[in-house]
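K.L.:
Following this message is one structure expressed as structure tokens.
Where a number appears in this text, it was derived from the coordinates with a stated rule and is not lab data. Model, not experiment: these values are computed from the prediction. FYI the Cβ positions are ideal-geometry reconstructions off the backbone, even for glycines, and counts take in every protein chain you see.
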Amino acid sequence: MATHGAFVEQPLALAALPEGAWRRVRRDPVFLLSGGIVLLFVVVAICASLIVPQGPTELNPGANYGAPSSEHWFGTDREGRDVFSRVLYGTRMALLGALAVVAIDLGIGIVYGLLAGYVGGRIDNLLMRASDILLSFPSLIMAILFVAAFGPGLTPVVVGLALVYMPTAARIVRSQVRIQKAEQYVEAGRILGFSAPRIAFRHVLPNCTSQIVVQASIVLPYAIVDLAALSFLGLGVQPPTPDWGNMLAEAQKSLILAPWMAIFPALAIILLVLGWNILGARVRHHLDPTQR
Amino acid sequence: MSVGSILQVNGLTTTYRVGGRDVPVLDNLSFHCEAGERVGLAGESGSGKSVVALSLLRLIRPPGRIAAGEVLLDGQDVLRLSPAALRRVRGGQIAIVFQDPGGSLTPVYSIGTQLVETMRAHLPLSRAEAVRRAVELLGQVGIPEPERRMESFPHELSGGMKQRVAIALALSCNPKVLIADDPTSAVDVTIQAQILQLLDELTQDERLTLILISHDFRVISTICERVLILYSGDIVETGPSYEVFGRPRHPYTRALLECAPSIEEYRFPFATLSGSPPNLVHGRVAGCPFHPRCARRVEPCATEMPPLEPTLPSAHAYACWNPEPIDECASARAAGGEAR
Amino acid sequence: MILRRLAAFVPIVIAVSVLIFLALRVVPGDPVTVLTAGSPVGEDVKAQLRREFDLDKPLVAQYFLWAGDAIRGDLGISLKSRVEVTELLGQSFPVTLTLLVGGLILSLLISIPLGVIAALRQGSLLDQAIIGGTLVFLSIPIFTAGILGILVFSFWLDWLPSFGRGDGFGLDRLEHLILPWGVLALALTAAQTNTLRAGMLDVLNRDYILAAEGRGLRRRAVLRHALRTALVPVVTILGVQFGYMIVGTVLVDYVFGLGGIGQLLVDSVNQRDYPVIQAIVVMIAIAFTAATLLVDLVCNWLDPRYGE
């Protein structure tokens, strides 16, 4: 369950797949459409430099505030830069940044949860109290704090967000570990003389993967949105590096002159997040038909 | 068909939509109850007994619906009442106690609130009067310290107590008919006896008719003067309980009685009834619904449903082409021995 | 469980304040240097400034000085504007509060009826539309909605003002709040509607609702039974949403330039105005923790089984 954000959901039990589920998923038109959209964004992110007509910071003198045309599909901004190219590059920033957040979040969270769940006792108590402190911060606020300390940029923002998402992942791993600890194979491992870390990482952890994967898929869209919001505030990705967030901030100043500066980045972020959410909803629907 | 009966059910047919088809769970069911009578409805799980209870109050929800029939309460057809009149009947004329004691009580309201609310929905009582009456009722059903308990929430009570509260709720508006749908199977044995005793006391009143539904015929024989044996949505045998349990004519009734382990007579190996009630998803069984499992099966059984005969009121009637012979079997007698 | 949370509240608050305090001082280069960057100021003046802001004392002492003052209501002085932090907060707080409360109420006014209707008409076209709608609105980031809102309602339709908090106390102020309220409510409504719908569906199928109908209670009374039980998950989600609400308020405030805490926070971060940042972040963390506690209390009142 994601505790930061508005959409509270139940993690899937991927272990119990109803028969024919994957077949139905593959035939679902909505799934295919949203999956296609997400895939498109991923491809764009990877190949951005290959498909852009112009560099993101390339100036087109004299073409400031140009409306969308055959030459500049999304128009140009105040500096005369091609909005289309910037939106494409922004995709890369959005996805890479979000992936970084999720990676750090899970990286720390898994170790944290394993430690707390496996060792238990005082350490567990301590770790949970510490994570309680982290949970006192709404997501963006921690990132803002980091920026206040270290200055604006992608790194402080990514780390700040990851720290706030971490306790949820840690909690999930921890409770799974506690369940698994009671299972026979852990006892068997101990008898066989396996060291605790070995049991924890090589045996207990793989059993938690489905929950972790689900958590990652839930957090990703939040990471995308939060990163964009921070860039919008001027605290994240700094101009002139294109990011949907800071593009929207710039667009706001010239909104009446060049609305396309805002429309296209806005559409980009909405489509990506919506596509991902619909994808998740369809998968959930097919894997658990009892959900209404 | 009986004149003067307080409840008369004619041709009740309730269907459930399964796999694209409307399957009749109850098919052309008819029975009646006299005022003040205590009637038992016996059947296994899957016989449709709970559906009967819900149908009488029109509480069947999609994918189920009541397809045909009438339920005459004092001459009025419940199935054709306006919504407002139906509300008055529910709780006011016919009340129901469900199997799961926790299930009838809303968890977020205190039992006092629920009692008062129900009473004021049917009776012209002021708040204070309703509260007084509620405390009185709680005392009648055997709840200790009723005033204090008014403010308790359902989850604070034990299963037995919850069931007593449910009974109090059901009787709070002085209904004419009380339907108790398997009220004892969800509580343990000692509580079972208490609940039954309570029901016995409360229904001594000639003005209250009891329909007790259960799969355990001993529960029924403790209280009910008359019993209906239900199998797969049809009544296969009916009559005074001591008659039916003492001299069962329908093979199913006989098998049911024989299968019950008896403390007095320890039989080994246990008699069992092979097979299970028909799965209605594939449609109703042709002919007598019991015939696939019946040891006394003869030719007409597979094609024609035997009529329930004789049709005189209060007679011991059964629906079978080849009923059990009249000589009493010792086991059936021992099993039904407690019947009055 | 509630008592345990209450007892943990104070230590958490303290820990949070320490964390924030340290975070801001972990980087070399103290505020004075930043403050005086670009102006030809002599070292002795800088030293005097440091003394004035207690920056020459050890960290621990600095913390306790600050904490001591804070408890007594003195949150320090803004480095940039030399105004007392409490005064700055006092100016920005009312707007933020108005925004928050208005947005919350608006969102509940929309989400409760929508959620109930969707549950009652489960499977219908209306229900599916509502589910689809919530999914779409959940996917629109709040600041994006703000910008698009300005574009549509302010520039194209010219119905509402696009920026600022307006003048006076009346209609103009209200006009400037409509779009911000709408945008904030949009973000909150979607999740609330979903939760309430799921809760209602779950409850409506319960036996006790059938039993209530069987007792001859009016439709409205039966719905009340259902709603009361179904509200618990909604209150829970409100608690969860509180963090989102705070963040949303900050963003909406910034986008529309309302002059509330959001703008104050971002501006002071950009200016490295530590006392202000400190005060605001600590306040937010405390408010958030307190809100979670409050939610627990309310849920316990609504559903007596909660927490057992």
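K.L.:
For helix C:85-120, report the angle its Cα long axis makes with the longest principal axis of the Cα atoms of chain C; keep it between 0 and 90° and round to the nearest 10°.
P.N.:
Once rounded, the angle reads 20 degrees.
K.L.:
With a cut-off of at most 14 other beta carbons within 10 Å, and DSSP calling the residue loop, which trypsin sites (Lys or Arg not before Pro) in the stretch C:83-180 qualify? Please list them.
P.N.:
Here the trypsin sites (Lys or Arg not before Pro) that fit, given the DSSP loop and packing criteria, are C:Arg121.
K.L.:
Next question, about the same structure. Roughly how many nanometres apart are two label points built 7 Å out from the Cα toward the Cβ at B:Val18 and C:Asp202?
P.N.:
Placing both labels 7 Å along Cα→Cβ, they lie 2.9 nm apart.
K.L.:
Hey, another quick one. The stretch B:122-185 to the stretch A:40-114: how many Å between their Cα centroids?
P.N.:
Between the Cα centres of the stretch B:122-185 and the stretch A:40-114 lies a distance of 67 Å.
K.L.:
Can you tell which of B:Gly233, B:Thr14, B:Val108 lies farthest toward the positive end of the dipole of chain B, using +1 and -1 charges on the Cβ of basic and acidic side chains (Lys, Arg; Asp, Glu)?
P.N.:
It is B:Val108.
K.L.:
Between A:Phe150 and A:Leu39, 0.36 nm times their residue separation minus their Cα-Cα distance comes to what?
P.N.:
Length gained between A:Phe150 and A:Leu39: 36.5 nm.
K.L.:
Please work out the FRET efficiency for the pair B:Leu125 and B:Gln76, using the Cβ-Cβ distance as r and a Förster radius of 30 Å; give the result to the nearest 0.05.
P.N.:
0.80
K.L.:
Nearest 20 debye, what's the magnitude of the dipole of the protein assembly as shown about its Cα centre given +1 on Lys and Arg Cβ and -1 on Asp and Glu Cβ?
P.N.:
520 debye
K.L.:
Say each of C:Asn270 and C:Glu175 gets a label point 7 Å from the Cα, pointing the same way as Cα to Cβ; how far apart are those two points in nm?
P.N.:
For C:Asn270 paired with C:Glu175, the spin-label model returns 2.7 nm.
K.L.:
Note down the net charge around B:Gly64, summing +1 for each Lys or Arg and -1 for each Asp or Glu among other residues with Cβ under 12 Å from its Cβ.
P.N.:
Here the count lands on +3.
K.L.:
What dipole magnitude, in Debye to the nearest 20, does the stretch C:91-302 give about its Cα centre under +1 on Lys/Arg Cβ and -1 on Asp/Glu Cβ?
P.N.:
Approximately 880 debye in magnitude.
K.L.:
Same structure, new question: Placing unit charges on C-beta atoms (Lys and Arg positive, Asp and Glu negative, everything else neutral), compute the dipole magnitude of the stretch A:104-222 about its Cα centre in debye, rounded to 20.
P.N.:
260 debye
K.L.:
Sticking with this one: Exposure proxy check: C:Val298, A:Val42 ranked by fewest other beta carbons within 10 Å?
P.N.:
Placing the least packed residue first, the sequence is A:Val42, C:Val298.
K.L.:
Between B:Ala84 and B:Glu145, what is the label-to-label distance in nm when each label sits 7 Å out along the Cα-to-Cβ direction?
P.N.:
4.4 nm
K.L.:
How many angstrom lie between the C-alpha centres of the stretch B:1-75 and the stretch A:194-211?
P.N.:
With the stretch B:1-75 and the stretch A:194-211 each reduced to a Cα centre, they are spaced 57 Å.
K.L.:
Roughly how tilted is helix B:127-140, in degrees to the nearest 10 and between 0 and 90, from the longest Cα axis of chain B?
P.N.:
50 degrees
K.L.:
Quote the FRET efficiency, to the nearest 0.05, computed for B:Asp205 versus C:Leu109 with a Förster distance R0 of 41 Å and r equal to the Cβ-Cβ distance.
P.N.:
0.20
K.L.:
To test your reading of the geometry: what angle, between 0 and 90 degrees and rounded to tens, separates the Cα axis of helix B:189-202 from the longest principal axis of chain B?
P.N.:
70 degrees
K.L.:
Just in the stretch A:185-243: which chymotrypsin sites (Phe, Trp or Tyr not before Pro) are loop by DSSP and have at most 15 other Cβ atoms within 10 Å?
P.N.:
Counting only loop positions with at most 15 other Cβ atoms within 10 Å, the chymotrypsin sites (Phe, Trp or Tyr not before Pro) in the stretch A:185-243 are A:Phe194.
K.L.:
Can you pull the Rg over Rh of chain B, Cα-only, Kirkwood?
P.N.:
0.98
K.L.:
Which residues' amide hydrogens lie under 5 Å from the amide hydrogen of B:Leu29, considering only partners 5 or more residues apart or on another chain, with H built in the peptide plane?
P.N.:
When sequence neighbours closer than 5 places are left aside, the close amide H contacts are B:Gly11, B:Leu12, B:Thr13.
K.L.:
Can I ask one more? Taking amide hydrogens as modeled 1.01 Å from N in the peptide plane, which residues meet the under 5 Å criterion relative to A:Gly75, leaving out close sequence neighbours?
P.N.:
For A:Gly75, whose amide H was placed from the backbone, the distant partners under 5 Å are A:Ser69, A:Val83, A:Phe84.
K.L.:
While we're looking at this one, here's another question. Taking 30 Å as R0, compute the FRET efficiency from the Cβ-Cβ separation of B:Val189 and A:Asn125 and round it to 0.05.
P.N.:
Using R0 = 30 Å, I get an efficiency of 0.10.
K.L.:
Please list the helices of chain A that count as membrane-span-like by this rule: a mean Kyte-Doolittle hydropathy of at least 0.0 together with Cα atoms stretching 30 Å or more along the helix axis, each helix being a complete DSSP H run.
P.N.:
Length and hydropathy pass: A:29-51, A:83-119, A:154-181, A:209-232, A:260-287.
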